[in-house]
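Written below as structure tokens is the structure these notes are about.
The values are calculated or read from the model by the stated rules, or taken from the named source; none is laboratory data. No experiment lies behind these values; they were computed from the predicted model shown. Positions of Cβ are generated from backbone atoms using ideal geometry, with glycine treated the same way; all protein chains shown enter the neighbour counts. In case anyone asks, the SASA skips ligands and DNA or RNA and just uses the protein heavy atoms, side chains included. Shrake-Rupley method; radii C 1.70, N 1.55, O 1.52, S 1.80 Å.
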Amino acid sequence: MGEITTVGLDLAKRVVSVCGEDASGRVVLRRTLRREAVLAWFVQRPACVVGMEACASAHHRGRLLQAMGHTVHLLPAQYVKPFVIGQKNDANDAAAICAAMGHSGIPRVTVKTIAQQDMQALHRIRSMKMKQRTAIINQTRGLLAEYGIVIAKSPTALRKAIPELLEEADNGLSFDFRPLLDALYDDLRTLE
């Protein structure tokens, strides 16, 4: 077996398919490892170039491999797909990653630092919370319209109106609906 210079990893939930190539691009290793055994396998290897699709957990795994001295390249999945030969499976995907690594025209995704991951998480969570906030506002306005109460579209107008509606006894809101409206208002304030 020739010395492995390039490794393609196909990350799955429970196992990782490994394809190793020598300096000439010849496949010299194909195997499957349990996820928890991958790092131990790389500890025994001299530094090499490791390619993975840029997917969930790839940045984490990339940071760990870089700390061991390996060079890590993350490839966008859409650029790896054309290199799959035969049926799509984990082993063929790992080989496709190896093959794609040999093409300099394929863009690489930089392995994110922990700080970059934290910032990305912050933006994604904020975006999700904004969607939830909009959904609560729209739902609340729709439910109030069913009681004949129309509130302006602005979040400020709704925030101002709800406490007044809950205080007012003669606005047509039922005894059963008032705690539901109060709960929606609490959810809205929490999200904001």
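This table checks each residue for (1) of a type in the set (Phe, Trp, Tyr); (2) in contact with a helix residue (DSSP H, G or I) (Cβ under 7 Å, 6 or more places away or on another chain).
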{"position": "56", "(1), (2)": "no, no"}
{"position": "66", "(1), (2)": "no, no"}
{"position": "72", "(1), (2)": "no, yes"}
{"position": "79", "(1), (2)": "yes, yes"}
{"position": "87", "(1), (2)": "no, no"}
{"position": "100", "(1), (2)": "no, yes"}
{"position": "110", "(1), (2)": "no, no"}
{"position": "121", "(1), (2)": "no, no"}
{"position": "124", "(1), (2)": "no, no"}
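Return a yes/no flag: does region 128-145 have any residue that is of a type in the set (D, E, K, R), open to solvent by less than 60 Å² (accessible area, probe 1.4 Å), over 22 Å from residue 77 (Cβ atoms) and over 26 Å from the mean Cα position of the chain (by Cα). Yes, there is a match, as at least one residue in region 128-145 is of a type in the set (D, E, K, R), open to solvent by less than 60 Å² (accessible area, probe 1.4 Å), over 22 Å from residue 77 (Cβ atoms) and over 26 Å from the mean Cα position of the chain (by Cα).
In the set (1) within 36 Å of the chain's Cα centre (by Cα); (2) part of a helix (DSSP H, G or I), residue 152 fails one condition alone, (2).
Here is a yes/no grid of residues against (1) in contact (Cβ under 8 Å) with a residue 60 or more places away in the chain; (2) under 19 Å from residue 18 (Cα atoms); (3) among the aromatic types (Phe, Trp, Tyr); (4) open to solvent by less than 40 Å² (accessible area, probe 1.4 Å):
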residue	(1), (2), (3), (4)
53	no, yes, no, no
65	no, yes, no, yes
71	no, yes, no, no
90	yes, yes, no, no
98	yes, yes, no, yes
101	yes, yes, no, yes
105	no, no, no, no
122	no, no, no, no
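Here region 162-173 is the region considered, the condition is being outside any helix (DSSP H, G or I) and at negative phi, and the residue that is most open to solvent (accessible area, probe 1.4 Å) is 170.
Could you please let me know if residue 159 is farther than 24 Å from residue 66 by Cα, in a helix (DSSP H, G or I) and either hydrophobic (A, V, I, L, M, F, W, C) or open to solvent by 60 Å² or more (accessible area, probe 1.4 Å) (or both)? Yes. The set of residues from region 15-50 being within 20 Å of residue 74 (Cα to Cα), open to solvent by 30 Å² or more (accessible area, probe 1.4 Å) and either among the polar types (S, T, N, Q) or assigned to a loop (DSSP other than H, G, I, E, B) (or both) comprises 23, 25, 32, 45, 46, 47.
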